[in-house]
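Only the coordinates and a few stated rules stand behind these numbers; no lab work does. None of these values were measured; they are calculated from a predicted model. All Cβ positions, glycine included, derive from the backbone under ideal geometry; neighbour counts span all protein chains shown.
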């Protein structure tokens, strides 16, 4: 199917990941192909059945059975998985009250919980790390700090606190971190964090790593207070800085213990701070990691000179700059580069900037151009694309570019080398993007193109019902012929994979049937026997299977007349078998079968009984058997479809075998049993 959609491309020789050249890719394949750990399976079961396994307190919150107890590592993982699945709420967080759970590394990222629930569930534990990134506004930063400081043990021992994108009420005073004397790592990225707050934080006696990116800090002079202990400073996109460049560099020059410095910026800002920093010889003597992505006026020569003066450097960020293209960056041993010059740099950028949408979209754009003619499966890169999509669900440029990259990384046979679980995740993320951006046509096209991949369409788990709704809506848009063919081909397969109950629930179904009939009529009038016609006949055949309502709609829209024209126009057995397959579906419906007892229909069926093609005569005889049988209707199934559905059964043959008043019906039923058995 995919090869047909790209007839101008020669078949590619697909190369799987090489263990030596792409060790990470091999690890991803092994990881994604491995079963989930027993611990994760058990915890997933607990999460899915919390309501059944827990009792309810008078306040409506959940309580674990009294005899249950979780060791620290399992409790940490349980909380992390609940958070990941969006199951952490005021009602469920209450299971972490008391001493049955012993938490140490708490992750409540993006959780929708209130201040009282947070304090009761987590502030009595002996936490050394708390990730409260992007928690709901019901739990603002001042309340988090107040709750943590209410525990004297945590005041001295909490080491890592992540508060990125967490809300602060407008009338809040200075954020007081001073009581958390054990804090070593603090991140307040994209928080209403002011210069006064920085002055407070800089006095923390053990602070070694600080991220003040996208905050409201205007002056970083307070960092001089911790110059002898600060090892990592991240200040990406400090848009409110009022200091001059010499003043900023003077502060940085004093931070002699720094091992990591990030002064990257948005490309549109055109900041030249990094340009001036690279000219300094007496600055950052011990630095091993420097990120200047998005900076202006950066050249290969300037970066090379800076690194050569500091031979211990291990990382440099150069994405969205003019640097990173010389041989120096590929030959320098031990140096990792996040940039856009080659796949290695792009991979590093996707990994480093997974939480920064401005750089994620830049890295994805570079990836798209690099993978347009990709011949090697790259599961590690596809996994990074999935991470970007998952982390930025409401960023249209990220979603659109990621969908195009996913298409490049899986098209024309490349999907065969990808783990099914990874393909499933990417496909589900594509449908999530469709829901978030329902009117963005190019994103829809990319999703439709992905679905034309037979590996994804047949082997990969995803919501087929949602997919069918999307494809049928697209089918009715009267797009260009190529897109129409794709939509019809996907519909023909998805229709097979839906249960009759799901098919009946499709609101778009009748409109799609009408559109499919219009396509058949057009092709017949033009006497055009092409793949679009074959896909359309197959789609109608599958949609009418075990669906009386669709069969009735088919007849009401002149379907029988159109199909008689098809039989009179085309003599190819592939077309005849699909037409007869659909007529078989109508013959199964007692209320509609009489519609087939017309001179035109019976004339063609009788003539096709003698066809040399077994499948054609098989369906023709099946129609006759249905029309002549007085017993309950036999529900026929094409053996090819049954293979796909993995549901072979001979129960429906038995009523026909028991029809002793009509030997010809019995004969056909016996032949049908033999026919199916001989093919399976």
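Figures for the structure shown
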{"item": "Along each principal axis, Cα extent of the range 347-455, largest first, Å", "result": "32, 31, 24"}
{"item": "DSSP bridge pairs, the range 45-172: antiparallel proportion in percent, nearest 5", "result": "20"}
{"item": "In degrees, nearest ten, helix 509-525 long axis to first principal axis of the chain (Cα)", "result": "60"}
{"item": "Between helix 38-48 and the chain: long-axis angle, C-alpha atoms, 0 to 90°, nearest 10", "result": "80"}
{"item": "Between 0 and 90°, nearest 10: helix 559-569 axis offset from the chain longest Cα axis", "result": "70"}
{"item": "Ranked packing of 466-476, 569-579, most packed first, by mean Cβ within 10 Å", "result": "466-476, 569-579"}
{"item": "The range 252-300 - Rg and Dmax from Cα coordinates, angstrom", "result": "10.9, 31"}
{"item": "Pairwise centroid distance, computed over Cα atoms, of the range 201-243 with the range 515-530, Å", "result": "68"}
{"item": "Under 20 Å from the residue 245 label point (7 Å along Cα→beta-carbon), backbone N, the range 287-316", "result": "290-307"}
{"item": "Value of Rg to Rh for the range 449-492 (Rh from inverse mean 1/r over Cα pairs, i.e. Kirkwood)", "result": "0.96"}
{"item": "Mean Cβ count within 10 Å, highest first, over the residues of peptides 86-92, 459-465", "result": "86-92, 459-465"}
{"item": "Unit Cα scatterers, Debye sum, the range 45-172: log10 I(q)/I(0) for q = 0.13, 0.17 Å⁻¹", "result": "-0.49, -0.85"}
{"item": "Convex hull of Cα atoms in the range 320-361, direction-averaged projection (nm²)", "result": "2.9"}
{"item": "Percent of beta bridges antiparallel (DSSP, the chain, rounded to nearest 5)", "result": "5"}
{"item": "Cα gyration tensor, the range 179-294 - rounded (a/c under 1.5), prolate or oblate", "result": "oblate"}
{"item": "Ordering of 169-176, 518-525, 375-382 by burial proxy (mean other Cβ atoms within 10 Å per residue, highest first)", "result": "375-382, 518-525, 169-176"}
{"item": "Prolate/oblate/rounded label for the range 517-567 (Cα gyration tensor, a/c 1.5)", "result": "oblate"}
